[in-house]
Amino acid sequence: MPDSTQLLMFIAAGWLLNLTPGPDVLYIVSSALKSGVRAGIVAALGIVSGCFVHVFAAALGVGALLATSATAFTVLKWAGAAYLMWMGVRLLLARGGSASIVPTRADGEAAVNLWRVYRQGFLTNVLNPKVALFFLAFVPQFIAPGTEDKVTAFLLLGLLFNLNSLPINFGYAWLAGWASRRVGAVQRAMHWMDRAAGLMFIGFGLKLALSDNPSR
């Protein structure tokens, strides 16, 4: 395990990385804008669950397989790209995102299938092979060379990274949910935000589909 200084650097780097917008942040924000803070938090939990899959996979060597096997990387890459683009098309074809036409509960948040929100967040992350490669490249930098059980150290640091991401992701969910309740322009613009989010998801999918195996 890293010493206290390296551990603080690991935590700080994790926060900075999680603040960077990408498909995960977009999904959390769009879920919270459409259906409230609770949906955004559930989306974040789905995404973090997907990260745990990648941490375990990388620790067990699947990440190394993806880094060295063009076939394995390509299969998962196309599956992830297809899923991102499918989500984008669904948003583009949605009949409207205005919260005024979405059933709400007494607390003012939109009624939504939270299991679906969680599942989509999970799949958005777990089907992206670059996440596994990220953990494979990032985490070992903070494992001391003399560490005997490197797999356990990798798992513990991966656990810390994922738990460390929750405040950032929950913060995105809270801010987006707060905006959707208090800014009328945001509520009226949800139809167009669905379209913009859809185009962005399709863009992320195309970017993933056109990416090369980092081992090349």
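Are any of the residues in the stretch 32-39 modelled with pLDDT of 80 or more, under 23 Å from Gln141 (Cα atoms) and either touching a Cys at 6+ places or on another chain (Cβ under 9 Å) or not β-branched (Val, Ile, Thr) (or both)? Within the stretch 32-39, not a single residue is modelled with pLDDT of 80 or more, under 23 Å from Gln141 (Cα atoms) and either touching a Cys at 6+ places or on another chain (Cβ under 9 Å) or not β-branched (Val, Ile, Thr) (or both). When the stretch 103-139 is examined, which residues are found to be at pLDDT below 70, in contact with a helix residue (DSSP H, G or I) (Cβ under 7 Å, 6 or more places away or on another chain) and under 24 Å from Trp86 (Cα atoms)? If the condition is that a residue be at pLDDT below 70, in contact with a helix residue (DSSP H, G or I) (Cβ under 7 Å, 6 or more places away or on another chain) and under 24 Å from Trp86 (Cα atoms), then Ala110 is the only one that fits.
Among the candidates Leu7, Leu45, the residue that is within 18 Å of Thr152 (Cα to Cα) and either at pLDDT 75 or above or among the basic types (Lys, Arg) (or both) is uniquely Leu7. Restricting attention to the stretch 121-158, the residues that are of a type in the set (S, T, N, Q), under 19 Å from the mean Cα position of the chain (by Cα) and either in a loop (DSSP other than H, G, I, E, B) or surrounded by fewer than 19 Cβ atoms within 10 Å (Cβ to Cβ) (or both) total 1.
The values are calculated or read from the model by the stated rules, or taken from the named source; none is laboratory data. Everything numeric here is computed off the predicted structure, so don't read it as measured data. Note that each Cβ is placed from the backbone with ideal geometry, even for glycine, and that neighbours are counted across all protein chains shown.
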